[in-house]
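Data block below; observations after.
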Amino acid sequence: MKPLLKRPCNECPWRRNHPAGWLGGYRPEDFTSQVQFDGPPLQCHKTIPGDGTDARSMCAGALIFMRNSCKAANHPDYGDALDTIAADTETVFQWSGEFLDHHNNPEKWIEHVRARMARRA
């Protein structure tokens, strides 16, 4: 699995504008612990082929999150993946607490979206 993507996809849960709590049945802590405790690289769900084989790319959002939070890639499967990704704290969460707060509080996110829509109306 290679870090083919340089930007998180439009459905990436590491993006700040991702719908809160929409994590495919996983808990927010499942994502952060995978990164924080040196698990194997997270796969980009949009590059998983339909034939049951592994993803073709690492999750760019997870890699950017690691770069943002100064997390080293200690698992051997990462190789030099972090060297191919730039930090981006505007698009991707910087800290685990931000990610957890966002995904554990969907009501707060919904209110934020409603307020933004009301300002546009």
Going Cα to Cα from residue 6, which lysines come in below 27 Å? Please leave out same-chain ones fewer than 8 positions away. 46, 71
Please order 102, 112 by the number of other Cβ within 10 Å, starting at the fewest. 112, 102
Under 10 Å, Cα contacts only: if you run a Gaussian network model on the chain, which one of 61, 25, 97 comes out with the highest mean-square fluctuation? 25
Please identify, among 59, 70, 44, the residue showing maximal mean-square fluctuation in a Gaussian network model of the chain using a 10 angstrom Cα cutoff. 70
Highest GNM mean-square fluctuation among 41, 106, 28, for the chain with Cα springs under 10 Å, belongs to 106
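Add -39500 (n - 2.57) for each DSSP H run of 4 or more in the chain, then divide by its residues: what number comes out at 222 nm, to the nearest 500 deg cm²/dmol? Numbers along the way, then the final one.
Working: 4 runs with 42 residues, N = 121.
It comes out at -10500 deg cm²/dmol, rounded to the nearest 500.
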What list of ³J(HN,Hα) couplings, whole Hz, do you get for the stretch 110-121 from phi and the Karplus terms 6.51, -1.76, 1.60, once you set θ to phi - 60° and write x for glycine and proline? 4, 4, 4, 5, 4, 5, 5, 5, 5, 5, 7, 6
For residue 93, the residues 5 or more places away or on another chain with a placed amide H closer than 5 Å to its own amide H are 16
Neighbour-count ranking [beta-carbon atoms within 10 angstrom, fewest first] of 14, 109, 22: 22, 109, 14
What number, in percent, do you get for the relative contact order of the chain if the mean sequence gap of Cα pairs under 8 Å and at least 6 apart is divided by its residue count? 33
Sorted by chain and then number, the residues having a modelled amide H within less than 5 Å of the amide H of residue 43, at least 5 places away or on another chain, are 59
Relative contact order (percent) for the stretch 64-115, with alpha-carbon contacts under 8 angstrom and 6 or more residues of separation? 38
Over the stretch 28-120, consider all pairs of different Cα atoms and compute the Kirkwood hydrodynamic radius from their mean reciprocal separation; express it in Å, one decimal. 14.7
Report, in whole Å, the centroid distance computed from the Cα atoms of the stretch 29-67 and the stretch 73-104. 10
Calculate one ³J(HN,Hα) per residue across the stretch 81-98 by plugging θ = phi - 60° into the Karplus curve 6.51 cos²θ - 1.76 cosθ + 1.60, and present them in order as whole Hz with x for glycine and proline. 3, 5, 6, 9, 10, 9, 5, 7, 7, 6, 8, 10, 4, 9, 10, 4, x, 5
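A short reminder: the numbers here are calculations on the coordinates, not readings from a lab. Remember, it's a predicted structure, so these values are computed and weren't measured experimentally. Positions of Cβ are generated from backbone atoms using ideal geometry, with glycine treated the same way; all protein chains shown enter the neighbour counts.
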